[in-house]
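Visitor: Below is one structure. I have some questions about it.
The values are calculated or read from the model by the stated rules, or taken from the named source; none is laboratory data. Owing to the predicted nature of the structure, the values given are computational and were not obtained by experimental measurement. Counting neighbours? That spans all protein chains shown, and the Cβs are built from the backbone with ideal geometry, glycine included.
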Amino acid sequence: MQTEDGCERMPKKRKSGGRSKGSKGKGGLVQCSSCGRLVPADKVKKETKYVTLIDPTLARELRKEGTFIPRERVTKYYCVSCAVHRGRVKIRSKDERKNRSY
Ligand SMILES: [Zn+2]
C-alpha cells in the first residue's frame with residue numbers, strides 16, 4: 001500500500017482492525033470471561049445466555065406443571081483467541097474477510 005507522499009504503509013488485514021469503534025478514540029476495557037485478558041469493549045465477542053438455577057430435568061418437569069421458573073441473563077465476554085477456540089468465530093480467508101454481512 002502506498003500513500004500520497006510515497007511512504008510504505010503496513011497493509012491492513014481488516015478495514016475495521018477487528019473492532020467496531022469507528023473513529024472514536026479509546027473505549028473501555030473488559031475482561032475475557034475465559035482467560036482474564038483485558039480486551040477493548042468494542043473488540044470483544046459477547047455471548048448472552050439465559051440460565052436457570054434449577055436442574056434442567058427438574059425445570060422441565062416444573063414447566064410441564066405450569067410453574068414460572070425465573071431465568072437469569074448471563075453475558076460473557078470473550079477475547080478473539082478464546083472466541084476462536086470455542087468456535088464462536090472462525091478464521092476466514094482473505095476473500096471471506098471481505099464479507100461483512102454479519
Ligand atoms: Zn480469552
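Visitor: Considering only residues of segment 42-73 that are touching a Phe, Trp or Tyr at 6+ places or on another chain (Cβ under 8 Å) and in a loop (DSSP other than H, G, I, E, B), which is surrounded by the fewest Cβ atoms within 10 Å (Cβ to Cβ)? Reasoning before the result, please.
Guide: Pass one, segment 42-73, residues touching a Phe, Trp or Tyr at 6+ places or on another chain (Cβ under 8 Å): 44-47, 71-73.
Remaining after also requiring in a loop (DSSP other than H, G, I, E, B): 44, 71.
On the way: VAL44: 24, ARG71: 13.
The selected residue is ARG71.
Visitor: While we're on this one: Is it the case, given these coordinates, that LYS76 is in a strand (DSSP E or B), loosely packed, with under 14 Cβ neighbours inside 10 Å and either modelled with pLDDT of 90 or more or within 14 Å of the ligand (Cβ to nearest atom) (or both)?
Guide: In short, no.
Visitor: Among the numbered conditions (1) modelled with pLDDT of 90 or more; (2) out of contact with any strand residue (DSSP E or B) (no Cβ under 7 Å at 6 or more places or on another chain); (3) closer than 29 Å to VAL89 by Cβ; (4) of a type in the set (A, V, I, L, M, F, W, C), tell me where MET1 comes up short.
Guide: Result: MET1 passes all but (1).
Visitor: Also, I was wondering about something else. So how many residues does segment 18-41 have that are closer than 16 Å to ARG88 by Cβ, among the small types (Gly, Ala, Ser) and surrounded by fewer than 14 Cβ atoms within 10 Å (Cβ to Cβ)?
Guide: The total comes to 2.
Visitor: Only one residue in LYS21, LYS26, LYS13 is in contact (Cβ under 8 Å) with a residue 60 or more places away in the chain, of a type in the set (Lys, Arg), more than 16 Å from the ligand (Cβ to nearest atom) and part of a loop (DSSP other than H, G, I, E, B), so which one is that?
Guide: Details: LYS21 fails: in contact (Cβ under 8 Å) with a residue 60 or more places away in the chain; LYS26 fails: in contact (Cβ under 8 Å) with a residue 60 or more places away in the chain.
One residue alone meets the criteria, LYS13.
Visitor: Further question: Is there any pair with a first residue in segment 66-92 that is within 24 Å of THR52 (Cα to Cα) and a second that is exposed (fewer than 12 other Cβ atoms within 10 Å of the Cβ) and β-branched (Val, Ile, Thr) whose Cβ atoms are under 7 Å apart and which are 6 or more apart or on different chains, and what are they?
Guide: Every condition considered, the pairs that remain are ARG71/VAL51; GLU72/VAL51; ARG73/THR48; VAL74/VAL51; THR75/THR48.
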